[in-house]
1. Between ASP262 and ASP295, what is the FRET efficiency for a Förster distance of 35 Å, r being their Cβ-Cβ separation, to the nearest 0.05?
2. How many nm separate the modelled label positions at TYR184 and SER53, each set 7 Å beyond the Cα in the direction of the Cβ?
3. Rank the residues PHE156, PHE220 as a footprinting-exposure proxy: fewest other Cβ atoms within 10 Å of their Cβ go first.
4. Under 13 Å from the 7 Å Cα→Cβ point of ALA280, by amide nitrogen: which residues of segment 315-343?
5. Considering only DSSP beta bridges whose two residues both sit in the chain, what percent are antiparallel, to the nearest 5?
6. Return the distance in nm (one decimal) between the two label points of a simple spin-label model at SER248 and ALA103, each offset 7 Å from Cα along Cα→Cβ.
7. Using a Förster distance of 35 Å, how high is the FRET efficiency between ARG318 and ASP199, based on the Cβ-Cβ distance and rounded to 0.05?
8. Under the rule a/c < 1.5 gives rounded, and otherwise a/b versus b/c splits prolate from oblate, where does segment 73-174 land using the Cα gyration tensor?
Amino acid sequence: MGVGYEIDLQPIRSGFDGETCWVHARGGAIPGAGEAGAPAIIVTMQKLLLTGSDVFYAINDMRSDDTGASWSGPTPHEGLGRWDAGDGVTGGICDFTPAWHTATQTLLGTGHTVYYRDDAGPMRVRPKQAAYSVYDQRTRSWSQAKFLVMPDEMRFRTAGAGCVQRYDLADGSILLPLSYRPDYESVHSETIVSRCSFDGEALELMDLGSSLACEDPRGFGEPSITRFDGRYFLTLRNDVRGYVTSGSDGLHFPRPVPWRFDDGEELGNYNTQQHWLTHADGLFLVYTRRGLENDHVFRHRAPLLVGQVDPERMCVIRETERAVVPERGARLGNFGVCDVTADESWIIAAEWMQPPGCEQYGSDNTIWAARVLWD
């Protein structure tokens, strides 16, 4: 069952100004667009206001055409900036994740909307929409953000695709997980997987799966989906513990169960997203957890770990766990996984410089790329 790999850890950029920090660093690879036929790597990120709570600014990107040896940027993109939503409210896009769409030969990024009044933190009683943008390889810019049109139901007025990992089907359609609240006042989120068409410009809803709910505080959020060995796997964030489920069609899933190690102990991940690292010969989970002398890290969100999954038992094989990005005081829980080639994947994470003082352990808002080099 074991799949061999090496980790080549590289910093993409470093530097901390004490007022803002880069967060939500995630990457997408454009095959053959770099030097000498190498893939071009596009890493998106956005600034966070340290005096606020989840106060994000425009999405920027960095680009490497030589597999990470050098980088350009960060470059801001007008189409993914803030806008005046009226009545003293500012809108924006956050929790963005780019990924290559093979059928249309397009780099497609997905996320969702966020709204602020006086940068005091996200407004809770506001609509939320799944947002998307397409990367123009010629101009090296992102298109004006568009929004996925959902059925006219209350629950879908709060539906977003922030921090999710999608799965593209062979026919070009996309399985895009969403999280939503039953109504504006609810503090519980539920998850549903959508199937969408994409023609290189427009993302359109085709179908919706079954809703997944959880009684634990705040429900399910930030779902990520993958396919391995003929089945679909969905991992979900929850305040108390991470959850996982598996289904045959990518849309309908049985009741999720808590993530555990193969010895039966709970994984220890909580209130933090997890994502899939998928290889032809093995399925892996990337996550954070308690129990690693990391009580000083916010929600134990560092170090960033990877472990191979037993797909039949839906558990992490404890002896395969290893750290891929080190703990330096700052949290690493908002990260992304990028498929670069059949022989290489990247795990990209930014050191999130909250709460104040995390820099005393060595963090400086470095954006890390952990290159997974498969044997």
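Taken together, the values in this text are just the output of simple stated rules run on the coordinates, not laboratory data. These numbers come from a predicted model, not from an experiment. Quick reminder, even Gly has a Cβ in these numbers, built from the backbone with ideal geometry, and neighbours come from all protein chains shown.
1. 0.90
2. Spacing of the two 7 Å Cα→Cβ label points: 2.0 nm.
3. Going from sparsest to densest Cβ surroundings: PHE156, PHE220.
4. Residues 341-343 fall inside that zone.
5. Antiparallel: roughly 95 percent of the beta bridges in the chain.
6. Inter-label distance under the simple model: 2.3 nm.
7. 0.20
8. Oblate.
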